[in-house]
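The values are calculated or read from the model by the stated rules, or taken from the named source; none is laboratory data. Fair warning: this is a prediction, and the values are worked out from it, not measured in the lab. Every residue, glycine among them, receives a Cβ derived from its backbone with ideal geometry; neighbour counts consider all protein chains shown. Accessible surface areas use protein heavy atoms only, side chains included; no ligands, DNA or RNA. Shrake-Rupley method; radii C 1.70, N 1.55, O 1.52, S 1.80 Å.
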Amino acid sequence: MAKELLKATDVSEVFGGLKAVSDFNFHINKGELVGLIGPNGAGKTTAFNLITGVYQPTTGEIQFDGKSIVGLKPYQITQRGIARTFQNIRLFSELTVLENVKIAFHFHVKYGLLESVFRMGRYFKEEEKIEEEALKLLKIFHLEDKAGELAKNLPYGAQRRLEIARALAAKPKLLLLDEPAAGMNPQETKELMEMISWIRKEFGLTILLIEHDMSLVMGICERIYVLEYGMIIAQGTPDVIKNDPEVIRAYLGGEA
Amino acid sequence: MKYLRKNDFIMIGFAVVLFAVLQGLIAGRILSSFWQLNLLIVGINVIMAVSLNLINGYTGQFSLGHAGFMAVGAYVGVVLTTNFHLPFLAALVAGAVAAGILGFLIGIPTLRLRGDYLAIATLGLGEIIRIVIMNIDYVGGAAGFKGIPHHTTFAWVFFLMLFALFFIKNFVNSNQGRACLAIRENEIAAESMGVNTTKYKIMAFTIGAAFAGVAGVLFAHSFYLISPNSFTFMQSFNYLIMVVMGGLGSITGSIAGAFVVTFISAALASWPEFRMIIYALALILMMFYRPQGLFGYMEVTNMRIFRKIFKKGGRADG
């Protein structure tokens with residue numbers, strides 16, 4: 001169980017003169033649920049973008065499942081098994097809820113261009129399979145009765161859930177959630193927490209999540225990394241993090 | 001999924017009836033030769049509009065050089081039929097392949113650009129193609145290519161139009177087409193869902209260009225003479241107007257747009273000075289009252305009045 005699924009070694013990302021992330025060392029074991037926290041602008045989303053290939057690290061090495069993923073394009077990394085959600089929701093807003101999920105099955109579909117334009121061979125069978133699987137996912141996230149609606153017309157909380165459903169459709173091994181509870185009320189956050197724990201068990205996922213909501217992070221994460229000014233200042237179990245003086249200083253301020 | 005097949009059969013049945021009626025009108029000499037020619041032009045414009053819609057409306061890549069690809073198809077086609085006496089079908093295939101290859105080669109560098117920059121680059125490319133043709137003496141240069149055999153019949157146009165419509169409709173409703181829609185909606189999200197965005201942009205561009213090539217071959221063989229001036233950027237603009245007027249991202253819309261624009265310009269043929277004014281007015285009114293185009297994302301198959309005929313139409317299954 002303790003096999004490392006994702007490992008970053010000495011990763012730095014420099015934008016001009018700004019060191020967004022520096023000497024970033026961390027790892028996630030298979031099956032773990034790890035949290036990444038830190039004040040605004042600490043470099044959490046940059047870390048996500050480095051893992052998913054949106055940015056290329058200036059220096060350092062990132063390995064997924066024992067192989068380097070540095071230099072791969074985002075879609076190649078997704079195909080290796082890392083899916084993500086976005087802090088500022090990025091749904092395909094003019095498409096229906098169902099289509100949003102179907103798109104994420106993209107690289108699992110096994111029919112070619114000719115089969116789709118002439119509707120031969122595996123086209124109907126594969127399409128039926130995708131539709132069935134997509135509806136199953138929507139059901140898990142209580143979105144099945146909204147399947148035909150445009151994604152932009154969903155309420156905020158439902159859009160967040162749809163993003164997770166869509167990420168799961170890519171059948172990842174590692175799921176990255178960027179502030180999944182942002183803008184949710186405590187009741188919704190609680191439901192989300194339960195949902196995350198449930199899908200993790202059901203799909204055998206490893207999850208890395210960024211979150212500001214401490215009740216959520218402390219409640220479900222097994223291990224937490226704390227970032228500040230692009231550096232990891234603490235790591236450990238929720239109890240260790242809660243009592244770490246560095247962390248308290250970073251969050252509450254204090255005499256420097 | 002069976003309803004999809006059923007809808008296809010209804011569509012084909014409807015198309016065959018429409019073809020029989022129109023062909024009857026032509027054979028019975030009820031339509032004047034002016035309107036007969038316009039019927040051909042409508043069909044060709046439908047192919048142009050729907051293939052441009054694949055690039056602009058479905059994949060969201062703003063291309064303004066569609067007439068350039070049409071020109072490539074037209075010239076490749078006429079050289080093969082006139083100088084080499086090859087059959088018309090061979091010319092059609094060659095025109096499609098030539099335009100498609102060019103689209104592919106041009107797509108690789110230009111599709112890295114976004115929005116306005118892509119529009120400017122493709123506008124320039126369309127003009128470059130035209131000017132290159134103008135300077136090739138082998139195809140008649142600026143004076144044009146003369147002595148083209150009159151191969152284009154209503155049947156060719158109609159059935160190739162039908163082929164193009166079904167091809168693009170099925171493409172849009174497939175895994176590949178969904179990838180294109182995802183690119184239009186949000187490129188970053190598409191990429192992070194495992195979609196190779198470059199590949200699908202180029203795929204859409206190539207298919208669009210190939211159909212423009214087919215339209216070009218049909219267009220050239222409707223006349224005795226073609227010249228580079230038939231493929232100016234005003235022409236590209238015309239196709240864009242059809243697509244925008246009908247609705248970006250609606251095949252039904254592209255058909256309607258091609259009809260409306262072609263017939264307006266045919267009806268105004270005697271008053272050419274008013275034509276552009278009326279175009280402009282129509283577009284301005286459109287922007288005010290219906291910015292999404294006549295159909296928006298709507299298709300015949302999912303409109304309420306046709307619900308009885310079509311079972312639960314999917315996107316663009318029109």
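Of all the options B:VAL21, B:VAL195, B:VAL72, the one that moves most in a Gaussian network model of chain B with Cα springs shorter than 10 angstrom is B:VAL21.
R0 = 56 Å: FRET efficiency of A:ASN243 with A:LYS125, Cβ-based, nearest 0.05? Efficiency, from the Cβ-Cβ distance: 0.50. The mean number of Cβ atoms from other chains found within 10 Å of a Cβ in peptide B:169-181 is 6, as a whole number. Rounded to the nearest 0.05, the FRET efficiency derived from the C-beta distance between B:ALA142 and A:PHE203 at R0 = 51 Å is 0.20. Can you name the helices of chain A, as whole DSSP H runs, whose Cα span along the helix axis is 18 Å or more and whose Kyte-Doolittle mean is not below -1.0? Answer set is A:123-140, A:156-169, A:186-203. Applying a threshold of 19 Å to the alpha-carbon distances of A:LYS30/A:LYS67; A:LYS30/A:LYS242; A:LYS30/A:LYS173; A:LYS110/B:LYS6; A:LYS146/A:LYS201 flags A:LYS30/A:LYS242; A:LYS110/B:LYS6; A:LYS146/A:LYS201 as lying beyond it.
Set the Cα radius of gyration of the protein assembly as shown against 2.2 N^0.38 Å, with N its number of residues, and you get 1.13. The value given for chain A is a Kirkwood hydrodynamic radius of 19.3 Å, derived from the mean inverse Cα-Cα separation. As a test of the formula, what do you get for the protein assembly as shown when each DSSP H run with n ≥ 4 contributes -39,500 (n - 2.57) and the sum is divided by the residue count, at 222 nm and rounded to the nearest 500 deg cm²/dmol? Counting only the DSSP helices, I get -17500 deg cm²/dmol. Remark: the B:ILE101-B:SER32 segment gains 21.0 nm on full extension, using 0.36 nm per residue and subtracting the alpha carbon distance.
3J(HN,Hα) along the stretch B:284-300: 5, 4, 4, 4, 6, 9, 8, x, 7, x, 4, 10, x, 9, 6, 10, 4 Hz, from the Karplus curve 6.51 cos²θ - 1.76 cosθ + 1.60 with θ = phi - 60°, whole Hz, x for Gly and Pro.
Across the accessible surface of the stretch B:121-216, with the other protein chains kept in place and a 1.4 Å probe, carbon and sulfur atoms take up 70 percent.
Mean per-residue shielding of peptide A:52-59 is 1, counting Cβ atoms of other chains within 10 Å of each Cβ. In sequence order, the stretch B:263-272 has phi-based couplings of 6, 4, 6, 5, 5, 9, 4, 7, 10, x Hz under the Karplus curve 6.51 cos²θ - 1.76 cosθ + 1.60, θ = phi - 60°, and Gly or Pro positions carry x.
Classified by the C-alpha gyration tensor, the stretch A:94-156 has a prolate form. Its axis ratio a/c, with a ≥ b ≥ c, is 1.5 or above, and a/b is larger than b/c. When you restrict to C-alpha pairs under 8 Å that are six or more residues apart and normalise by the size of the stretch A:94-156, the relative contact order lands at 51 percent.
With loop membership from DSSP and a limit of 13 other Cβ atoms within 10 Å, the longest segment of chain B without chymotrypsin sites (Phe, Trp or Tyr not before Pro) is B:85-223. Using a probe radius of 1.4 angstrom, the carbon and sulfur fraction of the accessible surface of the stretch A:94-156 is 57%.
Derived scalar couplings between HN and Hα for the stretch B:88-102 equal 4, 4, 4, 5, 4, 5, 4, x, 5, 5, 4, 5, x, 5, 4 Hz in order, rounded to whole Hz, by the Karplus curve 6.51 cos²θ - 1.76 cosθ + 1.60 (θ = phi - 60°), x for Gly and Pro.
Applying the criteria of a DSSP loop state and at most 15 other Cβ atoms within 10 Å to the chymotrypsin sites (Phe, Trp or Tyr not before Pro) of the stretch A:147-256 yields A:TYR229. Per residue, the stretch A:94-156 exposes an accessible area of 48 Å² to a 1.4 Å probe, with every protein chain left in place.
Annotation: A:LEU113 carries an accessible surface of approximately 60 Å², with a 1.4 Å probe and no ligand, DNA or RNA atoms counted. With the cut-off at 1.5 for a/c, could you classify the stretch B:49-196 from its C-alpha gyration tensor as rounded, prolate or oblate? Cα axes put the stretch B:49-196 in the oblate bin. Judged by the ratio a/c of the largest to the smallest principal axis of the C-alpha gyration tensor, the stretch B:190-296 counts as oblate, that ratio being 1.5 or greater while a/b is no larger than b/c. Distant-in-sequence amide contacts of A:GLU149, defined by a placed amide H-H separation under 5 Å and a gap of 5 or more residues or a different chain, comprise A:VAL97, A:LEU98.
Of the trypsin sites (Lys or Arg not before Pro) in the stretch B:3-65, the ones in a loop by DSSP (not H, G, I, E or B) with at most 12 other beta carbons within 10 Å are B:ARG29. Label zone of B:GLN23 (point 7 Å out along Cα→Cβ, amide N under 19 Å): in the stretch B:69-103 this covers B:88-89.
Shown for the stretch B:51-118: the carbon plus sulfur share of the solvent-accessible area, taken with all protein chains present and a 1.4 angstrom probe, equals 75%.
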